[in-house]
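Below is one structure, written out as structure tokens; the observations come after it.
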Amino acid sequence: MATDWNAVSDDDFRQAFARLVEDCCPPELRFMRKQRPTFDEVAVFYHGLAEAGWLAPTWPVEHGGMGLGPAKHMIYVEEWGRLGGPRIPDHGIGLVGPLLIEHGTEEQKAFHLPRILSGEHVWCQGYSEPNAGSDLASLRTAAVRDGDAFVVNGQKIWTTLAHCANWIFVLVRTSRDEKVRQKGITVLLVDMRSPGVRVRPIANLRGETDFCEVFFDDVRVPAENVVGEIDQGWTVAKSVLGHERIFLGAPTRPEIAMERLEKLARARGAFDDPAFLSRYAKLRLDLYDLGSAFERHARILREGGELGADVSMLKIFTTELYQRITEETLALAGEDARLFDDIATGNDRVDAMNLFLDARAPAIFGGSNEIQRNILAKAVLRLPS
Amino acid sequence: MPQLHFDDGDGTLEMLRDSVAALAAHHPGAASLRARREAGADMDRELWGAMAEAGWTGLMLSEALGGSGLGPREQAVLSEALGRALICEPVAGSAVFLSTLFNGAPDNAEGARLASGLADGSLIVARAWRNGTVQARADGDGFTLSGAVAHVDQAQGATDFLVMGQCEGGPAFFSVPAGISGLGLDLQRSVDGALLGTLRLDGCHVPATGLVIGPDICAPLLERAVAATRLALAAELAGIAAQALQATIDYTTTRIQFGKPIASFQAIQHRLVDMWSDAELAFAAVNNAVEEAEAGEGRAAALAILAAKARAGDAAVSICRRAVHLHGAMGFTDECDIGLFLKRAISLNAMLGQPEELRLAFVNLERAA
């Protein structure tokens, strides 16, 4: 009989997870500088979690998950961050698994879920296209039926970790409806080893290659790889984003940035400078109050409620605060802000430029902050269009 | 829309909100403010009486002293509602401040008299303790007070003053009846349509029984009263912010230009969303401070209250400023209520520490550990 982790006390749950991370995550993988390590770089941690049965926190137990509710899942994510666990390629765990569990056929579940847990299949997510970013519904990658297969042509972009993935789930256009552009989109599972799939990594501002372009050139995909109904992919894809939306607004990144700012400020004696102290106080209080705001939404989940559209506010505030803290750190760096490399502070280092550049991204991904504001204007403030 | 979220098991909070709404129906906040301003008065005695009758002036005062003995949660909900309704009689600066002092003061007849008068509305006890200094010299049968204190609310309408004087042993609070010999008052207009007094004491004699809070307990008690007042001010400011936002949403969705409501334009929508988001943060900060205050009086509560007053003050002033702008030329008229919200927000934000000062106090307290 598997442990019912939801029934375990929060403290015991934390301790169990902490022990596991100590056991299966080697020190060099803790608090990694790299935001998105490849599968091979973190495989030992991935497999360690899988063997202990802790890899898929929200999947039902029958599928090899822990069956955690939102309350315990939030602790899981929080502890992961606190313990400095590296980000693992998690599209399989976080998106494909839930997608198949809700909408997949028995065959799809039986084939894919165990291979996600074993790490045999590493997934990436093909949503954005060169001309379909914020306006995702205008996507043009086409899948045309040909007998028992679909033939896919087109291009995806900003596909995170595609260069170390071997499967991709893509949104493709299967028909056109001039009135409702969201209709006619289908979710397709594609083996990236199929002929006609080509991946080109894109270097980002931090000099890393987290994301890629993925080209599809007459790629034949068996029709049984459609998830859910044909032409209903928009609804299918949207349905898997539940309480996880709160994590986009978690204060984790600004907390890390604040720790770096404080470290550099101590090394530079900046806390004795009233002008700095004033700017620091503003940022410090923004972070403190973000914690209070996050707690309000987290409490809704803990008490069994559902998140409203208003949770977008956390995403906007946390990503913009992350930017402002890293900007202050660069300002404090003085002429050291010319360095791409980390700044030495005595025996320690501060990755001021690394975080400043990293902070450009979260305000864009996961729905740009401008899109978030549009959503809030409509769904929360009910402003007219 | 933004508001405080608390468990309301026995319905007290809902009752408080309803009671503010009911009173505001008879004494609309903006109209009362204008009438008071027009009359050149520092308070609306009738409104204050109605508020006392509703139990708001003694909400936090202990039951032994004639109050309701309620806590930060109930006070925050009341203050939030007063902010929304723009009811400007000084509940935070008067009732909350005084109740906290009286609750902690040792048994004494004069303190009990003032407390009872505060709760039933029969006395107006003006507070003179912050902007200025008063020396209290012990004489034969009491004390002689000399000095001046500025920015005293309800100074003109006061029946009594609670004055902080510096004794040999430190600060102490004295009860000084209005109209005694040696007492003088200068008045200035406040931005929110009232009067602020500068109280001058020129050798005022107070009997020994007028020492309400002695120097032995004055400092920690004052700290507690300031914290409670800041929390109530924060809740009131959050209420002001929420109402100013709502008024601006209502205005921009009905104001038609270029054939459409101006709230349909993205430039306006994003501004409104940012205002809403600032208000949400303010309410989250106040919620957090109330919970910390209920959990105890330690450092965590002190930090949370500093944060809440800073956040709510900033939010209220900046939301009202943007609200005035989004009302266009109408917003610049005295006839439009939105300007009154801005002025009230500025005034409350300036009380007991502006945001910058509070933020610095926060980081100093945090870094002292």
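The values are calculated or read from the model by the stated rules, or taken from the named source; none is laboratory data. Just so it is clear, the model here is predicted, and its values are computed rather than measured. Reconstructed Cβ throughout: ideal geometry from the backbone, glycine too, with neighbour counts over all protein chains shown.
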Original post:
Where in the stretch A:303-385 are the helices (runs of 4 or more DSSP H), entirely inside, with at least 2 residues that are among the hydroxyl-bearing types (Ser, Thr, Tyr) and within 30 Å of A:GLU262 (Cα to Cα)?
Top reply: A:312-332
**OP:** Check B:ALA235, B:ALA241, B:ALA279, B:ALA285 and return the single one that is within 12 Å of chain A (Cβ to nearest Cβ), within 19 Å of B:PRO355 (Cα to Cα) and either in contact with a strand residue (DSSP E or B) (Cβ under 7 Å, 6 or more places away or on another chain) or in contact (Cβ under 8 Å) with a residue 60 or more places away in the chain (or both).
**Re:** B:ALA279
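Given the criterion within 16 Å of the chain's Cα centre (by Cα) and within 14 Å of another protein chain (Cβ to nearest Cβ), identify the matching residue among B:LEU306, B:LEU342. Steps first, please.
Numbers: B:LEU342 fails: within 14 Å of another protein chain (Cβ to nearest Cβ).
On inspection, the qualifying residue turns out to be B:LEU306.
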**OP:** Please go through the stretch A:78-98 and pick out each residue that is in contact with a helix residue (DSSP H, G or I) (Cβ under 7 Å, 6 or more places away or on another chain), among the hydrophobic types (A, V, I, L, M, F, W, C) and crowded, with 18+ Cβ neighbours inside 10 Å.
**Re:** A:ILE88, A:ILE93, A:VAL96
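Considering the stretch B:237-267 alone, what residues qualify as being of a type in the set (D, E, K, R) and over 30 Å from B:ARG311 (Cβ atoms)?
Selection gives B:LYS260 alone.
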Subject >> Residues located in the stretch A:330-347, provided they are of a type in the set (Asp, Glu) and more than 15 Å from A:MET32 (Cα to Cα) >> reply: A:GLU335, A:ASP336, A:ASP341
Subject >> Every residue from the stretch B:244-275 that is of a type in the set (S, T, N, Q) and at the interface with chain A (Cβ under 9 Å from one of its Cβ atoms) >> reply: B:THR252, B:THR253, B:SER264, B:GLN266, B:GLN269
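Each row is one residue, and each column tells you yes or no for (1) out of contact with any His (no Cβ under 9 Å at 6 or more places or on another chain); (2) under 18 Å from B:ASP42 (Cα atoms).
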residue	(1), (2)
B:GLY117	yes, no
B:ASP120	yes, no
B:ILE124	yes, yes
B:ARG130	no, no
B:PHE143	no, no
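For every residue, the table says whether it meets (1) closer than 30 Å to B:LEU245 by Cβ; (2) in contact with a strand residue (DSSP E or B) (Cβ under 8 Å, 6 or more places away or on another chain); (3) among the aromatic types (Phe, Trp, Tyr); (4) at pLDDT 95 or above.
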residue: A:LEU321; (1), (2), (3), (4): yes, no, no, yes
residue: A:ALA331; (1), (2), (3), (4): no, no, no, yes
residue: A:LEU339; (1), (2), (3), (4): no, no, no, yes
residue: A:ASP348; (1), (2), (3), (4): no, no, no, no
residue: A:ILE364; (1), (2), (3), (4): yes, no, no, no
residue: A:LEU376; (1), (2), (3), (4): yes, no, no, yes
residue: A:VAL380; (1), (2), (3), (4): yes, no, no, yes
residue: A:PRO384; (1), (2), (3), (4): yes, yes, no, yes
**OP:** Quick one: B:ALA30 ticks every box in (1) over 28 Å from B:THR159 (Cα atoms); (2) in contact (Cβ under 8 Å) with a residue 24 or more places away in the chain except a single one, so which number is it?
**Re:** (1)
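Are there any helices (runs of 4 or more DSSP H) wholly within the stretch B:257-347 with 2 or more residues that are of a type in the set (S, T, N, Q), surrounded by fewer than 24 Cβ atoms within 10 Å (Cβ to Cβ) and at negative phi, and if so which?
B:266-295
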**OP:** Any residue in the stretch A:273-296 that's facing another protein chain (nearest Cβ under 8 Å) and at negative phi: show its pairings with residues that are outside any helix (DSSP H, G or I) and surrounded by fewer than 16 Cβ atoms within 10 Å (Cβ to Cβ) at Cβ separation under 8 Å, as long as the two are six or more apart or on different chains.
**Re:** A:ARG296/B:HIS5
Subject >> Unique residue being in contact (Cβ under 8 Å) with a residue 12 or more places away in the chain and part of a loop (DSSP other than H, G, I, E, B) when the list is B:GLY132, B:GLY83, B:GLY67, B:GLY93 >> reply: B:GLY67
**OP:** Among the helices (runs of 4 or more DSSP H) lying completely within the stretch A:1-117, list those that include at least 1 residues that are free of Cβ contacts under 8 Å to residues at least 24 places away in the same chain.
**Re:** A:10-24, A:39-52, A:70-83
Subject >> For B:LEU326: the one exception among (1) touching a Lys or Arg at 6+ places or on another chain (Cβ under 8 Å); (2) closer than 22 Å to B:GLU366 by Cβ; (3) more than 9 Å from chain A (Cβ to nearest Cβ) >> reply: (2)
Original post:
What number of residues in the stretch B:103-112 are over 22 Å from the mean Cα position of the chain (by Cα) and surrounded by 17 or more Cβ atoms within 10 Å (Cβ to Cβ)?
Top reply: 2
